[in-house]
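Rule-based calculations on the coordinates, nothing more; no lab input. It should be emphasised that the depicted structure is a prediction, and the values quoted were computed from it without experimental measurement. Glycine gets a Cβ as well: all are built from the backbone with ideal geometry, and neighbour counts include every protein chain shown.
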Amino acid sequence: MNEVNEQTSVRKKQLRNNLTAYAFCAPWMIGFVFFTLFPIGFMFAVSLTNRKLNGISDFIGFANYRNLLQSETFWNSFQVTIFFTIIMMIVTTIWAVIMAMLLNYKQKLNGIFQFCYFLPSVIPTVALAYAFRTIFGKEAGLLNAIITSISGKNANVNWLYDSHTVYFAVFFITLFTYNTGQMMLTFRSGLNDVPRELYEACDIDGASAFRKFRNVTLPMISPIVLFNSVMGCISALNGSFALLYPLTGESGDPNGMTQVLSLLIYKEAFSNMKVGYACALSVVLFLIACMFGIGIFAVSKRMVYYEN
Amino acid sequence: MKRNKVLALLLSTSMIIGMLTGCGSSKTEEAAPATETATEETTETAEAEPVEEAAVEGTKVTIAVWNEPNSDEALNMYAQCEKATGIDVEVTVVPESDYSSKLNQMVSTKDSSTDIYVVWENDISNFAQVGGIIPMDDYLSKSEIKTDEFIDAVSKLSEGLGGTYGLPWCAATEILYYNQDMFDAAGVDYPTNDWSYADFQAAAEKLTQKAEDGTTEVYGCALPNTQTWWAGIGAAGDQVYDPSNGQMVLGEGAVSFVSDCFDMVEKGVMPAPSSDTADLFAAGKAAMSWQGSWNIGTYGSELGFNWDIATLPTNALKYNTLHTGFYTINANSKNQEAAFKVIEYLMGEEGQAINSKASGNPSAIKSIADQGAWKVEAATTIENWDAITDSLAAGVFGYTCLPSGVTNNAISEFNAALLGQKTPQEAVDSASQYAKETIGY
């Protein structure tokens, strides 16, 4: 009898503990359901309508999806999005690793260097983009003025409108975004955690700096590389709007070369008032983000080293 | 343990209460009528006896506009309206780039925070269709606003709406600005209102100044802007906008004009499209520029050279786009009578004259426009004021009736052609294809 009572008491205690845990989780769960899950579901529902920005709406099934699959603008934007995401993720990650490694060298004024490298990252992306738009101007751009004064020849490079230079300019600007700065800090903390004795062992074996990086540093910080790659990918997919809209406009000039899906979504929803169609595009963007996430985690199983 | 439970309970309760409070509608919102109800109610209100002046005095009326009110109080029509009517006029400035979409969202959500919308040409019929704005006919029947004196193009634009839903705040047009000092230096005759397109092209070439290395120091003409691309295409013979089906109509005219601009860019007579935001004409780097008439008020006496205006040159035909905005009353406004009083003032002689003096845009009411208040006093070098009246006479409502995404996309295509990234024909075909995909959605 006593045993039964004791078991009941244990169960009750477990239930209370579980309920307590759920209660602690509840605020996040409620927020997640209302502010994440519901909007995603609602977005999908609206994508099945021809809803316009002024509220007119009729159910049209999958017509938006059929239309976007037949649209050249969509396919161009799809390709640009994939290209932009992959390159931006690679460029920003490599740059952040380089910066973190440079800052990891023990030298004087390291704090000031770190502050200077990180400073552009705390500038709002839109302000940063407008500043670079001015710098990369053709007629009155600062960069062309500097090149002119150095070379003595009239530099008239159309940085953001020439198909040969636009990607260089845009990816250069991404190096100064918040995401890259944040990556640099996480890499730096990761580099500090790499055991010194591994490097000492390498030194004894006479390993070169490159081999030390490839065989020690990279495996040891690979979980952080994975984390930053995922964050960089999501940032490129969702955050590129704030960078590209002020730089190259809603049509992704020149010739649609920078028209990522987030720009097209904005253009369709707020310039053409096609909210239903924009939601269908958003569903596609959501699927692309999922694919990138799954892809990165799949690759990471082979490449990421977890010490424990 | 007990403390944990209490804490968890408190957190959950506060979260749920917060959610309910955030998601719940206020009593006022619950009472907000559906579109049809709103229209019925407003019609009833409109049919009621006119409200006494004293009844609306002290009422706050909010008006949504895209441009800042004039900083000079004498030229601030809203400040003057407050003095004249006793109504507190609050101006909500929405950035121009987001103006149309913001208003659409407000209409969609039956927002009641704004009483008067100044609605653009491409939105007015949609807003009327969804009951977002009210017909003003009953108010107008008891008002002194001269609706029978609107310029023809404005009257035509309001046809087919089933009532008078909006009153035009002005009638702006597009004109040629030119730097007289540069014309004098190059020995070129000033542009006239009967200038041909060939005259314009020849002058632009003569006015271009090049450096020793062949790069251009001063352009003959600035690149067409988002407005004047359409003037060039219309003048080259294309219809641009077909009011019968709401479609964009581009063809040979567009190909011809884009090709001409490409040639001028190649020769260095016109700058290539770029990310530069500087006004090359104002900076003294372009001898001519096609722009909206509202820039007269902006330039005033600010430019460091002598300048004047002319109509845009005549190509296959004389063409420029008219621009306006319509004062409309929000169907969900709680202050519709006061809102109409404000509109009545702004559409009256005093309000229209102040608007014209501040912006340089003539009134859309012919008898008021004839008084010439739009001849901006600060623009002392302008002699050819006839350019405005001639342009208004030739003006039509064109691209402004199309969705901005479609027209912006077309301009990106034209820019790509100017940069040699596609042919003018490909650019025009691509712009037309996108318009077909978009319009009529």
Distant alpha-carbon pairs in the range A:73-303 (separation over 33 angstrom), percent: 28
Computed FRET value (nearest 0.05) for B:Glu426 with A:Glu197, which takes r as the C-beta separation and R₀ as 56 Å: 0.30
More than 23 angstrom apart: percent of Cα pairs within the range B:191-275: 29
Calculated on alpha-carbon atoms, Rg and Dmax of the range B:118-259 in Å: 21.2, 69
The protein assembly as shown - Kirkwood radius from inverse mean 1/r over Cα pairs (Å): 29.8
Per-pair calculated FRET efficiency, R0 = 30 Å: B:Leu161 and B:Thr92 via Cβ, rounded to 0.05: 0.75
Loop sites in the range B:111-158: GluC sites (Glu not before Pro), DSSP, at most 14 other Cβ within 10 Å: B:Glu144
Lys, Arg +1 and Asp, Glu -1 on Cβ, resulting dipole of the range A:73-303 about Cα centre, debye, nearest 20: 200
Ranked list, fewest to most other Cβ atoms within 10 Å of each Cβ, for A:Ile98, A:Ile82: A:Ile98, A:Ile82
Convex hull of the range A:138-206 built on C-alpha atoms - directionally averaged projected area, nm²: 8.5
Per principal axis, descending, Cα span of the range B:108-182 in whole Å: 53, 31, 22
Value of [θ]222 nm, deg cm²/dmol, for chain B, DSSP H segments ≥ 4, -39500 (n - 2.57) each, nearest 500: -13000 deg cm²/dmol
Two-site label geometry, B:Lys146 and A:Lys106: point separation in nm, points 7 Å out along Cα→Cβ: 8.7
Positive minus negative residues near A:Glu250 (Lys, Arg vs Asp, Glu; Cβ under 12 Å): -2
Per-residue ³J(HN,Hα) for the range B:58-67, Karplus 6.51 cos²θ - 1.76 cosθ + 1.60, θ = phi - 60°, Hz, x for Gly and Pro: x, 5, 9, 10, 9, 10, 9, 9, 10, 10
Pairwise centroid distance, computed over Cα atoms, of the range B:296-323 with the range B:123-202, Å: 14
Folded to 0 to 90 degrees: helix B:349-359 orientation relative to chain B principal axis, Cα: 50
Estimated dipole of chain B in Debye, rounded to 20 [Cβ of Lys and Arg +1, of Asp and Glu -1, Cα centre]: 1660
About the Cα centre, charge dipole magnitude for the range B:197-291 (Lys/Arg +1, Asp/Glu -1 at Cβ), debye: 160
Using a Förster distance of 56 Å, the FRET efficiency for A:Phe44-B:Asp194 (Cβ separation, nearest 0.05): 0.40
Candidates per GluC sites (Glu not before Pro) in the range A:227-308, loop by DSSP, up to 10 other Cβ within 10 Å: A:Glu307
Sorted by Cβ density within 10 Å, fewest first, the residues A:Ile60, B:Ile151, A:Ile204: A:Ile204, A:Ile60, B:Ile151
Two-site label geometry, B:Ser71 and A:Ala63: point separation in nm, points 7 Å out along Cα→Cβ: 5.1
Values of log10 I(q)/I(0), in the order q = 0.05, 0.09, 0.14 Å⁻¹, for chain B under a Debye, Cα-only, solvent-free model: -0.22, -0.64, -1.29
For the range A:35-70 versus the range B:360-387, the gap between their alpha-carbon centres in whole angstrom: 48
Residues A:Phe44, B:Phe262, sorted so that the one with the fewest Cβ neighbours within 10 Å comes first: A:Phe44, B:Phe262
With at most 13 neighbouring Cβ atoms within 10 Å, loop trypsin sites (Lys or Arg not before Pro) (DSSP) excluded, longest segment of chain A: A:154-308
Given charges at Cβ of Lys, Arg, Asp, Glu: the range A:73-303 dipole, positive-most of A:Phe227, A:Val126, A:Val80: A:Phe227
Whole-Å semi-axes of the range B:73-198's equivalent ellipsoid (Cα gyration tensor): 36, 20, 18
Computed over the range B:318-403, Cα set: Rg, Dmax in Å: 15.3, 47
